[in-house]
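Report on one structure; see the data block that follows.
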Amino acid sequence: MSDAEGGTTRPAGRWVSVRLQHRQVRVDESCCAGECRGECAADLSYDGIVISNYDEGALVSERWIPLGAEPSEEDDEVLIEQLRAAMLWQARRPPETATGE
């Protein structure tokens, strides 16, 4: 969504963002061998899905779910479960606050 000035406007209330994200991690291979000299390091990169929950524009929670090159049925079930939980959270209304009347 865009506003008149070309910026991004966010919906009011609760909403969920689902997006692909590429992550990169540096691993010290000598530490893996128990030597920990820092002589040999490798960069590992992998894709995943980030599910972010927002309430009135504020980030409430964020979950990252890795995507394997050949996802298993179990991987698919985890993703479906997380997407379902996010959609149910979005649909729930937060408790009303007392007005003190």
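With the requirement that a residue be at pLDDT below 90, of a type in the set (Gly, Ala, Ser) and under 26 Å from Val78 (Cα atoms), what does the range 40-49 give you?
At the first step, the residues of the range 40-49 found to be at pLDDT below 90 are 40-47.
So of that shortlist, the ones also of a type in the set (Gly, Ala, Ser) come out as 41-42, 45.
Correct list: Ser45 only.
Taking the range 57-91 as the range and being open to solvent by 100 Å² or more (accessible area, probe 1.4 Å) and not in a helix (DSSP H, G or I) as the test, the residues that pass are Ala69, Glu70.
Quick one: is Ser52 modelled with pLDDT of 80 or more, in contact with a strand residue (DSSP E or B) (Cβ under 7 Å, 6 or more places away or on another chain) and surrounded by 10 or more Cβ atoms within 10 Å (Cβ to Cβ)?
Working: modelled with pLDDT of 80 or more: yes; in contact with a strand residue (DSSP E or B) (Cβ under 7 Å, 6 or more places away or on another chain): yes; surrounded by 10 or more Cβ atoms within 10 Å (Cβ to Cβ): yes.
Considered against the rule, which asks whether it is modelled with pLDDT of 80 or more, in contact with a strand residue (DSSP E or B) (Cβ under 7 Å, 6 or more places away or on another chain) and surrounded by 10 or more Cβ atoms within 10 Å (Cβ to Cβ), Ser52 comes out as yes.
Tell me which residues, restricted to the range 25-34, are at pLDDT below 75, of a type outside the set (Ser, Thr, Tyr) and not in a loop (DSSP other than H, G, I, E, B).
Within the range 25-34, the first condition is being at pLDDT below 75, and the residues that meet it are 28-34.
Restricting the remaining residues to those that are of a type outside the set (Ser, Thr, Tyr) gives 28-29, 31-34.
Residues satisfying the conditions are Asp28, Glu29, Cys31, Cys32.
When Arg14, Arg19, Arg37 are checked against the criterion of being open to solvent by 60 Å² or more (accessible area, probe 1.4 Å), at negative phi and modelled with pLDDT of 90 or more, a single residue qualifies: Arg19.
The values are calculated or read from the model by the stated rules, or taken from the named source; none is laboratory data. Given the structure is predicted, the values throughout are model-derived calculations rather than measurements. Counting neighbours? That spans all protein chains shown, and the Cβs are built from the backbone with ideal geometry, glycine included. Accessible surface is based on the protein model in full, side chains and every heavy atom, while ligands, DNA and RNA are left aside. Shrake-Rupley method; radii C 1.70, N 1.55, O 1.52, S 1.80 Å.
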